[in-house]
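A short write-up of the structure that comes next.
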Amino acid sequence: MICEEKSSTKTLWSPVTQRHGLVYKREGKKYPIKCSSQTSPTQGSLYLTNKTRTEEDIINRNHKTLNKSTVPLASQDDNTKIVSTSFVDVLNKKLDALYRLTRPYTWIGIIVGILSTSLLPVQSLADLTPTFFMEVLKSMVPAILMNIFVTAINQLSDVEIDKVNKPHLPLASGDFSIGEGVAIAVISTMTSVAMGIMLRSPPLFIGLITWWIVGAAYSIDLPLLRWKGSPLMAAVTIMILNGLLLQFPYFVHVQKYVLGRPLEFTKPLLFAAAFMGIFNIAIAFVKDLPDVEGDKEFGLRTLPVILGKEKVSKLFSLSLLDFYR
């Protein structure tokens, strides 16, 4: 211990000790003492005003026993953050898979087709009421849902082929299970048909049922079905789904059940139906160009498989392929 004199009070510094190779020192801790001289400056009495601790007490204080309750664990906030982060990742992955399954960009053609067909029966600006647009909007929703069924059943029927042609699709890549794909197809179909019944429009309901039957026949591998394996039936299917079903049912629905006029097939309707029919036949042949390898491996005799890519490309413009994608 070192005693430093300062007036009548001196300061005691705790000594540096060493045990088992460890240095223990109470840094910055001073112990004031009183020094009184009686006979000579070199002699004196030391009176500690603070009670000192033994070396063992200091060691025990600096080395507390770790109890089970004092071991630091991940806090509840950290666990919540980890769980929420993983939930967000899973949700984002499922939404991305749903986008690839339903292909929302194909809805643009449906929306434009229904809107343009619904405007054909309009005779004056007085017909363009809020009720008119609301009825047209309500008729679009079951059509979009039925389109989701067609895309879902097509991917469910082509899982092995898509692993070769389109491995990024959710069922082929495993981002969606077969059960999830079936659930999406069933729910979209039932909701679409239920909305068709609620709209109380026989032409719209018949159009949705026809859409469901033709879409299933195009993809499902059963006797007399799987129309996508025949160039002729594939062209007929695409012409019906993307052409005729977006023309006649919606024209009749708007003309008779929205505007309340007697049924009459006008020349603009017939021209639009003929144009869209020819246009979709061309799409039906061109759309299979990227899938030749997988179709050939699994025995689908599409037009590009039969004639070859080069000949089909010459028959139909490649711009149609870019539009369809």
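Just by accessible area at a 1.4 angstrom probe, what is the order of Trp107, Trp211 from largest to smallest?
Numbers: Trp107 65, Trp211 5 Å².
Descending order: Trp107, Trp211.
For the range 276-281, in order, what is each residue's ³J(HN,Hα) by Karplus, 6.51 cos²θ - 1.76 cosθ + 1.60 with θ = phi - 60°, in whole Hz (x at glycine and Pro)?
5, x, 5, 4, 6, 5
Under the rule a/c < 1.5 gives rounded, and otherwise a/b versus b/c splits prolate from oblate, where does the range 126-279 land using the Cα gyration tensor?
Details: a/c = 2.56, a/b = 1.69, b/c = 1.52.
In terms of gyration-tensor shape, prolate.
Computed over the Cα atoms, what is the radius of gyration of the range 134-222 divided by 2.2 N^0.38 Å, N being its residue count? Write down the numbers at each step before the final one.
Numbers: Rg = 14.3 Å, N = 89, 2.2 N^0.38 = 12.1 Å.
Scaled against compact globular proteins, the figure is 1.18.
Leaving ligands, DNA and RNA out of it, report the carbon-plus-sulfur percent of the accessible area of the range 127-193 at a 1.4 Å probe. The partial results should precede the final answer.
Details: 1990 of 2830 Å².
Of the solvent-accessible surface of the range 127-193, carbon and sulfur hold 70 percent.
Just the accessible area for Tyr105, please: 1.4 Å probe, Å², rounded to the nearest 10?
The value for Tyr105 is about 90 Å².
Just to verify a number: what accessible area does Lys138 come out at with the full protein assembly present, 1.4 Å probe, Å² rounded to tens?
Roll a 1.4 Å probe over it and Lys138 shows about 80 Å².
With contacts defined as alpha carbon pairs under 8 Å and 6 or more residues apart, what's the relative contact order of the range 229-285 in percent?
Working: 40 pairs, mean separation 33.1, N = 57.
Reported as a whole number, the value is 58 percent.
Points 7 angstrom from Cα along the Cβ direction at Trp107 and Lys94: gap in nanometres?
Distance between label points: 1.9 nm.
Please list His253, His168 in order of solvent-accessible area, largest first, computed with a 1.4 Å probe with all protein chains present. Present the calculation step by step, with values, prior to reporting the outcome.
Values: His253 5, His168 110 Å².
Final ranking, largest accessible area leading: His168, His253.
Please arrange Thr266, Thr237 by accessible surface area, largest first, computed with a 1.4 Å probe and ligands excluded.
Values: Thr266 35, Thr237 0 Å².
Ranking Thr266, Thr237 by accessible area, largest first, yields Thr266, Thr237.
Shape call for the range 83-191 from the C-alpha gyration tensor, a ≥ b ≥ c root eigenvalues: rounded (a/c under 1.5), prolate (a/b greater than b/c) or oblate?
Values: a/c = 2.97, a/b = 2.08, b/c = 1.43.
Note, shape of the range 83-191 comes out prolate.
Rounded to the nearest 0.05, what FRET efficiency do Met134 and Val186 give with R0 = 41 Å and r taken as the Cβ-Cβ distance? Could you check? Walk me through the intermediate numbers first.
Numbers: r = 28 Å, r/R0 = 0.69.
FRET efficiency, Met134 to Val186: 0.90.
For Val141 and Leu222, what is the calculated FRET efficiency with R₀ set at 22 Å and r taken between the beta-carbons, to the nearest 0.05? Each step should come with its number before you reach the end.
Details: r = 29 Å, r/R0 = 1.34.
It comes out at approximately 0.15.
What are the ³J(HN,Hα) couplings of the range 89-106, residue after residue, when phi is run through the Karplus curve with 6.51, -1.76, 1.60 and θ = phi - 60°? Round to Hz, x for glycine and proline.
Those phi angles translate into 5, 5, 4, 4, 5, 5, 5, 5, 5, 5, 4, 6, 7, 8, 6, x, 5, 6 Hz.
The values are calculated or read from the model by the stated rules, or taken from the named source; none is laboratory data. Remember, predicted model here, so these are calculated numbers, not experimental data. Positions of Cβ are backbone-derived with ideal geometry, glycine not excepted, and every protein chain shown enters the neighbour counts. The area values use the complete protein model at the heavy-atom level, side chains included, leaving out ligands, DNA and RNA. Shrake-Rupley method; radii C 1.70, N 1.55, O 1.52, S 1.80 Å.
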